[in-house]
Amino acid sequence: MFQGAISAVVTPFRDGEVDEPRLRELIEWQIQEGIDGIVPCGSTGESATLSHGEHERVIRIAVEQARRRVPVLAGTGSNSTAEALRLTRYAREAGADGALMISPYYNRPTQEGIYRHYKTIAASVDLPIIVYNIPSRTGSNVTAETLQRLSVLPNIVAVKEAAGSMDQVSDMRRLCGERFTILSGDDSLTVPMMALGAKGVISVLSNVMPRETHEVVEAGLAGDFARAREIHYRTLALMRALFLETNPIPVKQALSFMGKCSAEMRMPLTQMSEPAAEKLRNVMKELGLV
């Protein structure tokens with residue numbers, strides 16, 4: 001259902017408030033550059049420090065700006081099942097095309113708890129749901145076996161897989177079959193995951209290089225892995241520089257260097273340290289981005 005290069009967009013701030021004009025401009029630029037989908041309110045969008053009202057507003061802005069030209073997959077995850085259900089219902093009402101839901105963080109539920117969390121929401125909201133598995137942030141892993149159970153539910157359609165294990169990706173593809181879509185959650189693993197059957201990426205890199213991110217996935221989907229590798233290696237240094245510090249600190253700094261938005265963060269995240277920012281700038285200079 002959802003495939004290609006999908007941007008987990010940042011949430012620009014100005015003087016502590018969501019910078020709505022810049023957010024609209026970023027989304028428009030992404031679409032014009034060929035991106036295949038937009039995720040507002042993911043971890044890259046600093047969803048953890050958005051108020052409920054801000055979270056809803058950012059989703060609505062993304063839907064309004066996209067105007068059905070590309071899918072909008074609203075970040076609606078929470079460590080509270082009731083809260084995730086409320087956000088997912090709102091996303092559907094706002095016109096989102098799907099929901100990206102992080103596995104419950106901090107609570108560290110069992111596999112049964114993870115399964116019931118997603119099943120409860122899938123049974124309550126008629127909206128396609130993408131499971132987001134990122135153990136480094138949640139403290140727990142959605143196993144391939146649990147994902148197989150979830151994949152049977154009609155509106156759980158995909159996984160954003162960011163555990164970093166190619167063995168797990170192989171097991172997910174083997175157990176869940178072709179109907180179920182696997183998307184990379186790590187830019188540097190997009191090409192190898194596509195070789196195993198993934199259909200794209202939910203990307204941080206695409207905030208800065210949307211056209212190239214689209215092109216690498218387009219090549220992979222066409223089976224042109226020589227082309228995909230060429231783009232992968234050309235952009236690899238930037239992929240790594242965007243994680244010199246906690247995401248989304250570096251990507252906001254990169255967008256600030258490009259004049260796209262402020263580098264302003266919400267506490268407890270802080271702006272990028274000067275040495276790391278200089279390394280990032282040097283990588284961007286080599287790519288002609290600044």
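The values are calculated or read from the model by the stated rules, or taken from the named source; none is laboratory data. This one's a predicted model, so the numbers in the text were calculated from it and none came from an experiment. Neighbour counts are summed over all protein chains in view; Cβ atoms, including those assigned to glycine, are modelled from backbone coordinates with ideal geometry.
For the reader, a short list of remarks on this structure follows.
- The condition (being crowded, with 18+ Cβ neighbours inside 10 Å and free of Cβ contacts under 8 Å to residues at least 60 places away in the same chain) is satisfied by just one residue among Q65, Q3: Q65.
- Count - residues of the range 119-131 that are in contact with a strand residue (DSSP E or B) (Cβ under 6 Å, 6 or more places away or on another chain) and either touching a residue at least 60 places away in the same chain (Cβ under 8 Å) or in a helix (DSSP H, G or I) (or both): 3
- Among all residues of the range 87-94, there is none that is touching a helix residue (DSSP H, G or I) at 6+ places or on another chain (Cβ under 9 Å) and either within 24 Å of L175 (Cβ to Cβ) or touching a residue at least 60 places away in the same chain (Cβ under 8 Å) (or both).
- Here S78 meets each of (1) farther than 25 Å from M267 by Cα; (2) surrounded by 16 or more Cβ atoms within 10 Å (Cβ to Cβ) with one exception, condition (1).
- Of the residues making up the range 214-247, those that are closer than 26 Å to L269 by Cα and either at pLDDT below 95 or part of a helix (DSSP H, G or I) (or both) are T235, L236, A237, L238, M239, R240, A241.
- When restricted to residues that are part of a loop (DSSP other than H, G, I, E, B) and crowded, with 21+ Cβ neighbours inside 10 Å, the range 164-179 contains 0.
- In the range 255-268, the residues that are in contact (Cβ under 8 Å) with a residue 40 or more places away in the chain form Cβ pairs under 8 Å with partners that are among the polar types (S, T, N, Q), at six or more places apart or across chains, as follows: L255/N207; S262/S256; E264/Q271; M265/Q271; R266/T49; M267/T49.
- Selection of the range 146-163 for residues being touching a Leu at 6+ places or on another chain (Cβ under 8 Å) and either surrounded by fewer than 17 Cβ atoms within 10 Å (Cβ to Cβ) or of a type in the set (F, W, Y) (or both) yields Q148, N155.
- Cross-chain or 6+ apart pairs with Cβ under 6 Å, the range 151-177 first and over 19 Å from V191 (Cα atoms) and free of Cβ contacts under 8 Å to residues at least 60 places away in the same chain, then β-branched (V, I, T) and outside any loop (DSSP other than H, G, I, E, B): N155/I129; I156/I129
- Of all residues in the range 6-46 being assigned to a helix (DSSP H, G or I) and without any contact (Cβ under 8 Å) to a residue 24 or more places away in the chain, the one that is nearest to S203 (Cα to Cα): Q32
- P250 satisfies every condition listed in (1) without any contact (Cβ under 8 Å) to a residue 40 or more places away in the chain; (2) in a helix (DSSP H, G or I); (3) surrounded by fewer than 22 Cβ atoms within 10 Å (Cβ to Cβ); (4) within 18 Å of the chain's Cα centre (by Cα) except (3).
So that you can scan it fast, the table gives a plain yes or no per residue for (1) surrounded by 18 or more Cβ atoms within 10 Å (Cβ to Cβ); (2) in contact (Cβ under 8 Å) with a residue 60 or more places away in the chain:
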{"position": "L196", "(1), (2)": "no, no"}
{"position": "I202", "(1), (2)": "yes, yes"}
{"position": "M209", "(1), (2)": "yes, yes"}
{"position": "G220", "(1), (2)": "yes, no"}
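- T143 falls short on exactly one of the conditions (1) polar (S, T, N, Q); (2) at pLDDT 95 or above; (3) touching a Ser or Thr at 6+ places or on another chain (Cβ under 9 Å), and that condition is (3).
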